[in-house]
Every structure is written in C-alpha cells, then in structure tokens.
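Structure, as structure tokens:
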Amino acid sequence: MKPRTLISMFVAAAALAGGGWWWYSKNQAAAQPQLRTGKIERGTLTATVAASGTLAATVQVQVSSQVSGQIREVLADFNSDVKKGQVLARIDPETFEYRVRQAEADVEAARAQVGVQQATVMARKSDLARNIINRDEARRDFDRKTELVERNFISIVERDKAAAVFRALEQDVASSQAQIELAEAQVRNARSTVQQREALLASARVDLSRTIIRAPVDGVVIKRSIEPGQTVAVSLAAPELFLIAQNLRDMQVEVSIDEAEVSRLRVGQKATFTVDAFPGRTFEGAITQVRKASLNVQNVITYTALVSANNENQALLPGMTANVRVITDVRDGVLKVPNAALRFKPPGWTEPPKTSALEAGPLRAALESLLPAAQAQGQGGGLQAYRERLERELALTDAQKASVEGVFSGMRERFMGLRDLEPSERAAASEKLRNEMRSKVAAVLDPAQKNTFAAINAEIDARRQAAQAERAAGTSAATGASSPASGTSTGAGTGITAPAAAPSRNGAAATSATAGAGALAGSAAAGAASASPSPSAAAPKSDAKPSAPAASGTSGAGATGGTTGGGGPLRAFRDRLERDLAFTESQRGQLDGIFSAMRERFATVREAPEPDRPKLMETYRAEMRARINDILDETQKKKYAEILVELAGRNVSRGRVFIAGPDGKPMPVDVRLGLSDGVATELIGTIGERKLAEGDLVYVGVVGAASKPGPATPPMRPAGPRL
C-alpha cells in the first residue's frame, strides 16, 4: 500500500474520530438541562384581592303604587331629573272619587244622627222637670194631710193615698234621670259614628291622593316599568313603577368576595376598579362595608363588600361590571423572591431523607437551647420550675413574689436572644445572664433567704458541672472525640444542664435542652421552629413527639408577621403594643404578668397530641388577646383592635428555593415567606446557616421547558381571503 494512501486513511480516521467526539460532547451538553435564574430584589410588595362586582347608586328608591287602577298618564321617562314631590304618573281617580263622595254622605248622616240624639236629650230633660214639679206638689199635699189627720179633720185613708202618689212621682223622677243618661250615651255614640265616618272619608281622600304618583326623593329616573293604559294591581307586594337613583355622583360597587379572602378585607382599605366601557381608565375608591350575610350560589360561599366610587362627571352608569382590586397590604423595602423559584425543582432532584434537627450539624447547639424545659432530664426544669422552687423553699412574701416575677419576666426575653448568637459566644453570654439574674433575685431577699438561695444555686451548679462532664464523656464515646465547650448547652435560667440522654435508635446521642431559654421556646413556637427544617426539634429519637407547630409567626402574638429577632414573635408583638398603645407603668406591669403566664401555657403545647395543638394554640392566643384587652382603656382598645386586624393577614409560611452550590449543582435552601403579590413573595429569612441577600440568583426554571414542539407540518389553511 502506498504511503500516500496510508496517510489519507489515517487522516480520514482522525476526522471520523474527531467528529464522533464532537457529536458525543454535543449530545452530553444537550443532555444537561440549562437552568434559568432569577434575582432576589428589594422593593415594594402590594397584596391585592381581585373580584368583580356591579356598579349601583348609593341610594336607589323604588317608586310603587299603593292603590290599584289603570294608569291614565305617565309624566316621567328614563333619565328624567325629578324633584321630591314631582308628579310622575296618574292613576284613573274616578272610582276613588265616588268613594270619597260616599264617605262624605256617611259623615253628614252621622252628624244628623247626633242632632236627633241631642233633641232626645232635651225632651228627656223636660220630662224630668215636669216630674220634679209633680213630685214636689205631691209632697206638700202629703204634708198637709198628715197635719189634718193629727187634728182629726180627715181620715187616715186620705193621708195614705197622698203618700202613695208622692212615692209614685219620685219613681217617675228617677226614671226621667235614667232616660236622660241613656240619651246622652246615644249622643256620644252618634258622635263616635261621626268620627268613624270622618276617618273613612279621610282614608278615601288619601286613596284618591295616591292615584297621583310623586317622586319621594330628588334624583334621576333610571327605570320606568309602566305605560299609559296599563292596569296596576296591588296584592301582597306593591308593583314597581319607577326606580330613582338619588345621586349618581356618588356610586358604589357591590363586589362578591370569596370566603377564602374575606378575612383580608376591612373598612377603609383602598381599592381600584376598571369598567369595560372605559378601557385603560382606572377609578379609585375604598371599602365602606363588608356585609356579614353570606351568599350561597352552587355551593360557593361569597360575601358582599361595598366599594365607594366617585362619579362627579357621571361617566359611570348603574349596572356596569367593575373589575375591582382591593389593596390589602403594602410593604416597602422588602426582599422579594420570584414565585417561579418557589415552584421550581431541578430535573432529577429527589427529596433527601429527613433527619432529626439535633443531627443537623451546625444547628445542633442552637436547637438544643430552644428545646422545651419539659424535655430536660434533670431537676430544675427551666425558669418556671426554678421560680417555683424559690417560692417554695424561700417562703417568699407577696411583694417578693411580684419582684421575682418581674425579674424572671425581663430575663426570659434576654435568654431567648441567646439563640441569635454564635455557638462559641452562647455559653459565656448564658453564664453572664445567669449571674445577673441571680444577683437581681438576691437583691429582694432577706439575709436568711439569701443563705438558702446560695445553697440552692450551689447545688444547681454542682449538678450542672456533673451533667456537663457526663455529657462530654457520652459524646466522646459516641463520636470518638470530645465536644467543644461551645457545643454544650448550659441552663440559661437555672444554671442546670441535664445529663445526656441514652443513645437513640439511630445511634446519635440525645443532648439536653437549655432549661431557661428552652422554656420560652414553647411560647414562640414559630420562632423556634423557623430555625429547624425538620418538623421535630424535640429529640433525636425516632419516636419522639414533634415540636409545637409553627403558627405562621402568630403562635404567641396572635399575628405578628413572623418576626423572630430578639425573642421571637411574642417579643415583637409586645414591642409593637408598647410602641403604639403608650402603656402606663401599671399597664406595663400587668402586661409583663400576662406574657409571662402565657409563655408557660404556650410551652405546654409541645406536650399535647399533634392533632390537638392547633386548637390549643388558637385557644391560648384568644385568651391572651382577651386578657390584654381587659387592661386597656377605650382609646387603647380601638387602636388594639386595629393592630389585630392589620396583623391578621401577616402570616408566615415556608418554602424552598434552589441556588448554585459549591459544586455548581442546584442546592436547596429552606426559606420563610411572607406577603405575596402573585409575581414575587416577601423573603423574611432562611432556615439554616445559608443566607440569601439582595442580588443573589435563584433557579426559576429550565431553558426551553415552556416551549412545546409543534406539528411537523403546519395545517393547511382554507383558500380564499382572510379577515
């Protein structure tokens, strides 16, 4: 074979190999998905509720007829401007005129009857006068005959006859008086009949006047339902003749709000709306009422909200369909993460197996300090148990109990702040706070109590040191190396650190909780839970109860928007109340007692069965709000109600985004989320040590994933011209 042929074959083989490598590399590159990124930005988030409604006049009056009859004439038409009292229509009055005449005749007849009865009374009075005269004459005759009988001039028979005549005439007088009373009663009855006939006459005249339909208010006729010659029949319901809008310059939109969003609305919120008649034009208004009556349409529950609408130029007309957007919340200068990043999962990514929060490496020390005191395995049991022991063994007076309660209330917040420190700083800060608390408690004790107090603290310190030594030995046995001093959790409240628990089923050693700060974690469950990506932060045991559910940042405060800095939601809620309500010193002391008691209540939620925890949390939140409301004056109560309404919609949720990891592959980051406007969501913070800041990139999708391949051959279009 010639050398030239060999060279040609070699070149051809090299070309084929290079082409094959190029083709293989191209396919491999195509196999790797290209991810699109979005940027975390800082700006304003506006949450809105969108709904549709119908424009209507603020006051609409239906004009009806109160009498039946035939319409003789109609004097108002659509769009007619009318004034109050103006004639709109007339009903044929002939029938009602006859009724008036008949009623007038009845009145005259009744009046005549009154005259007849009055004449009868006069006749009866004349009879009475005549009978009185006769009676008096009979009495004188009886008296004379009585004297004559005494003188024996006449017989006794004559006297007896005179006596009988006298008695008969007396009865005639009594009868005449009774007849007069009867005649007077008949006069009164006749007069009552006159009044009855006059009332019927007035009613007939009113019915006659109602044949004239008048405008009840000033306004514009927006509907006319009658024509001349039409018969109006009034039965159980009055028929509608006209519909008058009192003022078209001041209108309202009746909006149907879904039951899932009605809780976000309150009176006074700003709203905008558009109508199809004026595309591109936006009208402004505000919510004036949220009606509590629900509407059920095909098992869909909605509530009606009224939105004011200024219509000075009368461009808006009743009945127009309005697309309403109600601004429920606005937050300025917040970090925003694209919603697409919250929905995105890298191709082929699978959920990693869940691990206990205490096995999460760098989070271990921080989470240990947030475990509830009820799970600590040593004596002391947290700030509450420590305080109860002092009250029991020192026999504190009421004044001393109040002072100690104030000390513990103030120190709880500071112990909660330990979780924000680095692990290396936490032990020293805890020791410092513990000594400060003991000094404050000792300041309110007498000398004998101070000796007992010192003995209690010495016992606690000895137990804590023994527990630390035991933990160090247990950790060394489990891991083969001693734990650093900063990794142990000291008792923030009592100085007690529980001894290490027995190894769990998965081989990890369970560490103890911070006795003091841990007791507060139950009162700010959302803050504690936000530090852990696992639903259970109680213990590494696989059968341990999970921690109290995070109440979206509202577990303690009722609605605090998930603020977790410096003591958790309870502290943020309390700071807000002190800032906005201007408490007096007395109110501030009562507030300390309320928050101190409720923290202990919230801590017990962790020990309840998981299905019962949400109900318990809501019960404790309602109780705390009611107790706070009881110590406020009327002005503060109004402001407090506004704060609760404002914070009601500021819930905190969890999500996950993916960023580029050290190896270039997508790495998940659990985040806490707040307000959303449908495009971006407020980024409150991250769960874990990885932090996100403005300008960081997050993955939002796969390049080209949204496009779908079309048909190989486009469909044939029909021949002929196209519109």
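Residues being open to solvent by 80 Å² or more (accessible area, probe 1.4 Å), part of a strand (DSSP E or B), under 19 Å from A56 (Cα atoms) and modelled with pLDDT of 90 or more are represented in the range 274-285 by at least one member. As a summary of the residue check, T120 satisfies the conditions (1) open to solvent by 60 Å² or more (accessible area, probe 1.4 Å); (2) more than 60 Å from the chain's Cα centre (by Cα) except for the one numbered (1). Cβ-Cβ distances below 6 Å connect the following pairs, each with a first residue in the range 593-617 that is in a helix (DSSP H, G or I), a second residue that is surrounded by fewer than 16 Cβ atoms within 10 Å (Cβ to Cβ), and a separation of six or more residues or different chains: L616/A608. Restricting attention to the range 601-632, the residues that are over 30 Å from A582 (Cβ atoms), surrounded by fewer than 16 Cβ atoms within 10 Å (Cβ to Cβ) and not hydroxyl-bearing (S, T, Y) add up to 8. Screening S8 on (1) part of a strand (DSSP E or B); (2) modelled with pLDDT under 90; (3) exposed (fewer than 15 other Cβ atoms within 10 Å of the Cβ) shows it passes everything except condition (1). Annotation for the range 700-707: at least one member residue is modelled with pLDDT of 90 or more, surrounded by 10 or more Cβ atoms within 10 Å (Cβ to Cβ), under 30 Å from R264 (Cα atoms) and touching a Lys or Arg at 6+ places or on another chain (Cβ under 7 Å).
Picking from residues in the range 203-230 that are in a helix (DSSP H, G or I) and aliphatic (A, V, I, L, M), the one that is farthest from L75 (Cα to Cα) is A204.
Residues that are within 16 Å of R140 (Cα to Cα) and either within 60 Å of the chain's Cα centre (by Cα) or open to solvent by 80 Å² or more (accessible area, probe 1.4 Å) (or both) within the range 166-189 comprise just one, R167. Of all the residues in the range 11-67, those that are at pLDDT 85 or above and farther than 30 Å from A340 by Cα number 15. Per the listing I154, I132, the residue uniquely of a type outside the set (F, W, Y), surrounded by 14 or more Cβ atoms within 10 Å (Cβ to Cβ), modelled with pLDDT under 90 and not in a strand (DSSP E or B) is I154. For the range 74-98, the set of residues classified as in contact with a Lys or Arg (Cβ under 9 Å, 6 or more places away or on another chain), open to solvent by 60 Å² or more (accessible area, probe 1.4 Å) and either part of a strand (DSSP E or B) or basic (K, R) (or both) consists of K84, R90, listed by residue number.
Look at A138 and say whether it is in contact (Cβ under 8 Å) with a residue 24 or more places away in the chain and over 30 Å from L208 (Cβ atoms). Here the answer is yes, as A138 does meet what is asked. Would you confirm, using the coordinates I've provided, whether D663 is surrounded by 14 or more Cβ atoms within 10 Å (Cβ to Cβ), without any contact (Cβ under 8 Å) to a residue 40 or more places away in the chain and under 30 Å from R690 (Cβ atoms)? Considered against the rule, which asks whether it is surrounded by 14 or more Cβ atoms within 10 Å (Cβ to Cβ), without any contact (Cβ under 8 Å) to a residue 40 or more places away in the chain and under 30 Å from R690 (Cβ atoms), D663 comes out as no.
Matching residues to (1) surrounded by 15 or more Cβ atoms within 10 Å (Cβ to Cβ); (2) at pLDDT 85 or above:
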residue	(1), (2)
V441	yes, yes
L445	yes, yes
F453	yes, yes
T475	yes, no
A481	no, no
A485	no, no
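The conditions of being assigned to a helix (DSSP H, G or I), touching a Lys or Arg at 6+ places or on another chain (Cβ under 6 Å) and touching a residue at least 12 places away in the same chain (Cβ under 8 Å) are not met by L243. Would you confirm, using the coordinates I've provided, whether I684 is in contact (Cβ under 8 Å) with a residue 24 or more places away in the chain and open to solvent by 30 Å² or more (accessible area, probe 1.4 Å)? Yes.
The values are calculated or read from the model by the stated rules, or taken from the named source; none is laboratory data. Everything quoted here is computed from the prediction, not taken from an experiment. So basically every Cβ, Gly included, is an ideal-geometry build from the backbone, and we count neighbours across all protein chains shown. Accessible surface areas use protein heavy atoms only, side chains included; no ligands, DNA or RNA. Shrake-Rupley method; radii C 1.70, N 1.55, O 1.52, S 1.80 Å.
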